[in-house]
1. Of all residues in the range 51-95, how many are under 20 Å from S163 (Cβ atoms), without any contact (Cβ under 8 Å) to a residue 24 or more places away in the chain and part of a strand (DSSP E or B)?
2. Considering A137, A147, which residue is among the aliphatic types (A, V, I, L, M) and buried (at least 19 other Cβ atoms within 10 Å of the Cβ)?
3. Restricting attention to the range 92-106, report how many residues are crowded, with 18+ Cβ neighbours inside 10 Å and closer than 22 Å to V61 by Cβ.
4. Among the numbered criteria (1) surrounded by 23 or more Cβ atoms within 10 Å (Cβ to Cβ); (2) over 15 Å from the mean Cα position of the chain (by Cα), which one does G117 miss?
5. Given the options V105, V91, name the one that is within 13 Å of the chain's Cα centre (by Cα) and not small (G, A, S).
Amino acid sequence: MRLPSLRRTALAFAATALATTAAGALAAPANASPVGGCTSLRSFTFNTITGGDDLRDNSEVTPFLTSTVGDIELQHFWGPYGNGSSHAVTVTFQNPNWSISSCSVTGIKLHMVSHNGFLQSDDNWNMDFVSMSGYSATGVYSYYVSATGTPVKRFTGSDQWWSKLG
């Protein structure tokens with residue numbers, strides 16, 4: 001049974017709140033794994049919490065799945081993500097007909113691209129939490145990866161990549 005988008009988003013925010021609360025003052029270890037048996041994944045929900053340096057509205061995040069068949073680029077998402085804010089975004093593959101087995105996914109990579117406006121320098125972004133949940137075509141939750149820190153990653157103009165391999 002496919003979960004409606006609103007319900008899936010509510011679950012994603014609940015998972016974010018639970019993960020943030022569980023993290024406490026110290027950074028919790030990251031984790032990555034299929035949930036249950038191997039399932040064909042079609043969509044992915046990314047949850048992020050921004051720390052003390054925001055992601056500007058003209059900055060773009062390119063997510064990739066790392067897998068046993070190579071890195072696979074997903075749909076991009078954009079700021080703005082204000083300081084201390086939480087965001088959930090659901091993306092699919094660049095080609096909507098693609099899928100991948102949850103047992104082939106080995107982690108995620110994120111690439112922040114700063115598209116500077118007039119008189120702007122490169123954007124910096126403190127990402128204090130990230131999680132990615134993978135879903136089948138019918139909405140079955142089948143993969144999870146997360147990381148928590150202060151920050152997990154500080155993206156800058158010269159340091160634009162982060163990865164979590166599981």
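1. Looking only at that region, the number is 1.
2. Unique residue meeting the criteria: A147.
3. Looking only at that region, the number is 3.
4. (1)
5. Matching residue, one of V105, V91: V91.
Here, each number is a calculation from the coordinates, and none is a lab measurement. The structure displayed is predicted, hence computed values, not measured ones. Here Cβ is always computed from backbone atoms with ideal geometry, including for glycine, and neighbour counts include all displayed protein chains.
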